[in-house]
Amino acid sequence: MLKKSSLVLWGAALFIAWNGLLLLFLWSRPPSSSSSSPSSQGDRLTAEVIRLAQDAEAELERQKQLLLQIHRYSGLWGHRRGVPATLPPPPPPSPPHPPFTHPPEAVLPVLVLACDRSTVRRCLDKLLRYRPSAQRFPLIVSQDCGHAETARVIGSYGDSLAHIQQPDLSDIPVPSEHRKFQGYYKISRHYRWALGQVFRTFRYRAVIVVEDDLEVAPDFFEYFQAAFPLLLADPSLWCVSAWNDNGKEQMVDVNQADLLYRTDFFPGLGWLLLAELWDELEPKWPPAFWDDWMRQPEQRRGRSCIRPEVSRTMTFGRKGVSHGQFFDQYLKFIKLNDRFVPFTQLDLSYLRKDEYERSFLLKVYSAPEVKVEELQGNRRRELGAVRLQYRGRDSFKAFAKALGLMDDLKSGVPRAGYRGIVSFMYRGRRVYLAPPSDWTGYDPSWS
């Protein structure tokens, strides 16, 4: 404040000094020559006074601007020192965040379910390589089985992750016809315990679940960070998955790696859920086959998941309790996305239920209908995206087998399907395998 006052006084002194110099100049002017007439002397004197007055006016304007600058900058200096100052009004507030944005500091832990695969190192190395922040994406490895070598591998990562171990390693009493499925019972028990730790002990808001035989894409974390607000805002969604069940390289458009879908099929294999969903599922969690249980209408309750065109995970685990089921035919051919898509900078509002159904269904049912023979013969290429219509379980399975899709149905829902529609690429063009437009819902008897 003292500095501000001294500057103002300095400006005022400058103003007074200038006017004093002006008066001194007028008083000290030499007398005019005697040879000039009184009239001409008067004219010259009048002209000189006018010129001096104009100069003085210009100088006064410059000093006025100087004083205004001194006042403005002294106000800013005072503001920086904590002294209230008269400043220009602040700019208008920024517009509200667009739909589905969230603070960048939102914490999304990654839970890795491990057992007896020492190859978990491949999974963990990629997670740690692509993880943008240890604070925002803490890594928790939950190990079942008590396998010493796997525990040693996990422990070698030190403080980079948290290593927790399922305490109950006992066999589970199962019906006699399910003795060969003992592993599925243990997996379900492990899932329940590990998710309980995440939500009940660590108290996280959400979690990304992966298994120890998954490798992640470079934009794995970016994808889930961008999709998290969708899950928070849209009650018609219950998960976000990194997996496309029909994601073999020849069946996806790698040039549309930013394309996302809604799907009624629970994909798993790298998925995000909220604590509220665990509150709903935990009391009725099944003793075995938890993923197929998730696909039942009683659990899904008409909700959908988000899934990508190009998978953000791939599995390298042929060995496991499923004994390689589907691995050699489908899973090992899944295309893992290899380029970074800045999902957090994209507008994902097209995935809202109402908007998605309006645009997606229009796109599907405005596509010209073709016969499967025309697709297989690579005919009618000029049509671009096309629709292949099925009218029952048998025709769906026949078309799926003919075109290389996964043909199994869970509670009547096709893999990667939305309202019965499966979108995929066939010989370089988009195909929608779709029911009639008057589709009324899934028939669980199709399974």
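The values are calculated or read from the model by the stated rules, or taken from the named source; none is laboratory data. Fair warning: this is a prediction, and the values are worked out from it, not measured in the lab. When we count neighbours, we look across all protein chains shown, and the Cβ atoms used for this are built from the backbone with ideal geometry, even at glycine. Accessible surface areas use protein heavy atoms only, side chains included; no ligands, DNA or RNA. Shrake-Rupley method; radii C 1.70, N 1.55, O 1.52, S 1.80 Å.
List of remarks:
- Within the range 114-151, the set of residues being in contact with a His (Cβ under 9 Å, 6 or more places away or on another chain) and of a type in the set (D, E) comprises D116, D144.
- Checked across the range 365-373, the condition of being surrounded by 15 or more Cβ atoms within 10 Å (Cβ to Cβ) and closer than 30 Å to E222 by Cβ holds for no residue.
Here is a yes/no grid of residues against (1) within 23 Å of G247 (Cβ to Cβ); (2) open to solvent by 40 Å² or more (accessible area, probe 1.4 Å):
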{"site": "D354", "(1), (2)": "no, yes"}
{"site": "S359", "(1), (2)": "yes, yes"}
{"site": "Q376", "(1), (2)": "yes, yes"}
{"site": "R387", "(1), (2)": "yes, no"}
{"site": "F396", "(1), (2)": "yes, no"}
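- Segments classed as strands (runs of 3 or more DSSP E), wholly inside the range 382-447, with at least 2 members that are in contact (Cβ under 8 Å) with a residue 60 or more places away in the chain: 422-426, 429-434
- Scanning the range 193-214 for residues that are touching a residue at least 60 places away in the same chain (Cβ under 8 Å) and surrounded by fewer than 18 Cβ atoms within 10 Å (Cβ to Cβ) gives G196, F202, R205.
- Only one of the numbered conditions (1) open to solvent by 10 Å² or more (accessible area, probe 1.4 Å); (2) not in a loop (DSSP other than H, G, I, E, B) is not met by G146, and that is (2).
- Which numbered condition I154 misses (of (1) of a type outside the set (S, T, Y); (2) modelled with pLDDT of 95 or more; (3) open to solvent by 30 Å² or more (accessible area, probe 1.4 Å)): (3)
- Test result for D253, more than 22 Å from D408 (Cβ to Cβ) and either in contact with a helix residue (DSSP H, G or I) (Cβ under 9 Å, 6 or more places away or on another chain) or at pLDDT 95 or above (or both): yes
- Of the residues making up the range 296-344, just one is modelled with pLDDT under 85 and acidic (D, E), namely D328.
- Search result, residues across the range 128-143 that are touching a strand residue (DSSP E or B) at 6+ places or on another chain (Cβ under 8 Å) and either open to solvent by less than 40 Å² (accessible area, probe 1.4 Å) or outside the structural domain of A206 (by the TED database) (or both): F137, P138, L139, I140, V141, S142, Q143
- Consider the range 157-187 and keep the residues that are under 29 Å from the mean Cα position of the chain (by Cα) and part of a helix (DSSP H, G or I). The one that is surrounded by the most Cβ atoms within 10 Å (Cβ to Cβ) is S160.
- Helices (runs of 4 or more DSSP H) wholly inside the range 214-329 that include at least 2 residues being farther than 26 Å from A385 by Cα and among the aliphatic types (A, V, I, L, M): 220-233, 275-281
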